[in-house]
Amino acid sequence: MTVKSKRTRTQWFRIDLHLHTPGSADYQEPDVSYLDILRRAEMRGLDIIAFTDHNTVAGYQAMLAEIDRLAMLEQLDRAQPEEKRRLAEYRRLLDKILVLPGFEFTATFGFHILGIFSPETRVRQLEHILLSLNIPPNTLDEGSSNVGASADVLTAYRTINEAGGIVIAAHANSTHGVAMRGFDFGGQTKIAYTQDPYLHCLEVTDLDRRGRATTARFFDGTKPEYPRRMRCIQGSDAHRLSKDPRSEKNLGVGDRITEVSLPERSFEALREMFQSNDFARSRPFRGSSKDVYDYVQAAREEGESIVQAFHESMSRQGGHLYAVIADVCAFANTNGGTIYIGASPDSTKPPVGIDNIGENIETLRNEIAHKLAPPLEVEIDVQETAGKAVIRVQVPRGDDPPYAIDDNKIYVRDEAETSLAVRDEIVRLVQKNPRVVRAEPAEAMEEMAPPLLPEHEAEAEMPEAAEGELAVEAEMPEAVEARPAEPARRSRRGRGGSRAAREKPVLSGAPRTGVEILGTETRKGEQYHIMRDLRNGNIVKNVTRTSARRLWHYAITEREANPVDPNRVQWAGDVGLWKRYKRGGVVRYDLVQRENGNIRVYYGVTEDGMHGPWQQFISDEEAPVEEEQEKGDTE
């Protein structure tokens, strides 16, 4: 069976996995007891908490030592009434709240990483992990965030994971966070630090915010340089019992709570959740049962993307079921994704829901199993939104591409568009498949069809992300040994054709969305184009106006009907704005760049692809609406 439905019974638990204790040197209320912290956690309705002091487990050890001492006095019948009451209170609270041991490790350059472990893990084992991460033995009990030359971030991820822990990048989007806010360098290092396969999730401070500039939206898997979607949670980072009335930044226990869906309240269930790709199993807690986080509605507000699709219906009539299967194929061939059936991408429109859920899931399961090849394991379940049942299909990035429908229809995903793959995209899918054995892959694949014009030998530098408060510009100094995570590696490009075309450089400063026409040749009266898709870096040859997909079609049409006039461009140095418009509800820009006396044109650039000097052309004014083009050119 290649398709499975989730049927495990789960419930929501409230967690706060970032709590300091008097074991941290910077704890703001040193007279607070560990029993006080547990009582406060109970008052806030927490089910699972973690003690994560700075580079030490002294706080957790002190609580265990107190409990052991009280239990020994009870066993010897020497406990005083107050001691008996304290022991009984500990037992009551620990039966109600799962307390996990952990630490907040300070890595090289001051980045903070949470390591959370099973309560079965001995304190000495945790201290050994800290020592292996170069925490000096003489500072092991100090609880200080300043520990000198410790291990680097990637080593810490791997070490904590291999020891069986949960690896969380602490307050990733703020000070000492791996998203590197406030740093004037980043690039490949930021990609590695946030995409590493040993990193389970990001702790962020803006999880309950909405909008395109949030950390969760930045790391949602839609950006080519950040293809791995990251789970985001929130934690209080409490250094005191209650929020400091004099400073909103000094939170108390449970002031930022995450809810997680687990089959049971245990460390093993929690770690399994963090390792899963079901992002609906965690959500910010909003403090009221009437204001429960609606995961489907939040997804609809984000809209369709390279990793997200919506269908109101899956009926065979009208081709709706086939459209769903095509999205499954496209996501498997691209970066994975989630499909919602029973709701449109228009978040203002009420969801229609799906009737006969069991029957429709069975139909979907059979259709995927029979039509899609090779076999692919997807997960199908039901989500609720606005009182309606919606089917959710979670599609992984396939490890045996290309995937095809009916053995011959291969689909890929670009932004919010599912399209039949063209020849060059099929070649790349085959080349990406590690199971395909070939002696001379590049030459063998090129023999399938001679290229119209060559692809570029040079590769674009991996661009730094720039969006809202996460923007960084330059590269990390050589002192940091940053290796890119496996999901962020780039594919190899082919060779061929004339030297002049091969030596045309790829601009590292180009926008990160949109398309560029690299060259055109006329054959028997028809024009054939080479397109560079800036969304994924792919170069595709032999594209005609009739065969082009939506954004490519728009670029070709604009080039023919509305060629750029340099005298009418809004220039700012060597970059300029040619056109601003709204298409399919999204504001887009046609941008130009002068290079060695030539002008390069980037069509259909969205705001999240505009970094550095391009950002000056972003405007809040209402953009003119572009008429719908032939082939329904909307995205």
**OP:** Using the number of other C-beta atoms within 10 angstrom as an exposure proxy, rank 531, 43 with the fewest first.
**Re:** 43, 531
Subject >> Phi to ³J(HN,Hα) by Karplus 6.51 cos²θ - 1.76 cosθ + 1.60 over the stretch 382-389, Hz, x for Gly, Pro >> reply: 10, 10, 10, 8, 6, x, 10, 8
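Select from the stretch 520-586 those chymotrypsin sites (Phe, Trp or Tyr not before Pro) which occupy a DSSP coil region and have at most 12 other Cβ atoms within 10 Å, ordered by residue number. If you can, show how the numbers build up before the last one.
Details: sites: 528, 552, 554, 571, 578, 581; in loops: none.
Here no loop site has a sparse enough neighbourhood.
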Subject >> Placed amide H near residue 344: partners under 5 Å, 5+ positions off or other chain >> reply: 352
Subject >> Other-chain or far-sequence residues with amide H under 5 Å of residue 171's (modelled H) >> reply: 203
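Beyond a 25 Å Cα-Cα separation, which of these cross-linked pairs lie in this structure: 96/388; 409/432; 432/524; 524/582?
Numbers: 96/388 34 Å; 409/432 18 Å; 432/524 34 Å; 524/582 35 Å.
Long pairs (Cα-Cα over 25 Å): 96/388; 432/524; 524/582.
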Subject >> Note, ³J(HN,Hα) from phi for the stretch 240-255, Karplus 6.51, -1.76, 1.60, rounded to Hz, x at Gly and Pro >> reply: 6, 6, 10, 4, 6, x, 8, 8, 5, 7, 8, 7, x, 4, x, 7
Original post:
How much net charge surrounds residue 28 when only other residues with a Cβ under 15 Å from its Cβ are counted (Lys, Arg +1; Asp, Glu -1)?
Top reply: -4
Original post:
Ranking 93, 131, 70 by Cβ neighbours within 10 Å, fewest first, what do you get?
Top reply: 131, 93, 70
Subject >> Under Karplus coefficients 6.51, -1.76 and 1.60, residue-wise ³J(HN,Hα) of the stretch 24-38 in Hz, glycine/proline x >> reply: 8, 4, 9, 5, 8, 10, x, 8, 5, 9, 5, 5, 4, 5, 5
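None of the figures in this text is laboratory data; all of them are computed from the coordinates on show. Keep in mind the model is a prediction, meaning the values are calculated, not measured. Heads up, the Cβs are rebuilt from the backbone with ideal geometry, glycines too, and the neighbour counts pull from every protein chain shown.
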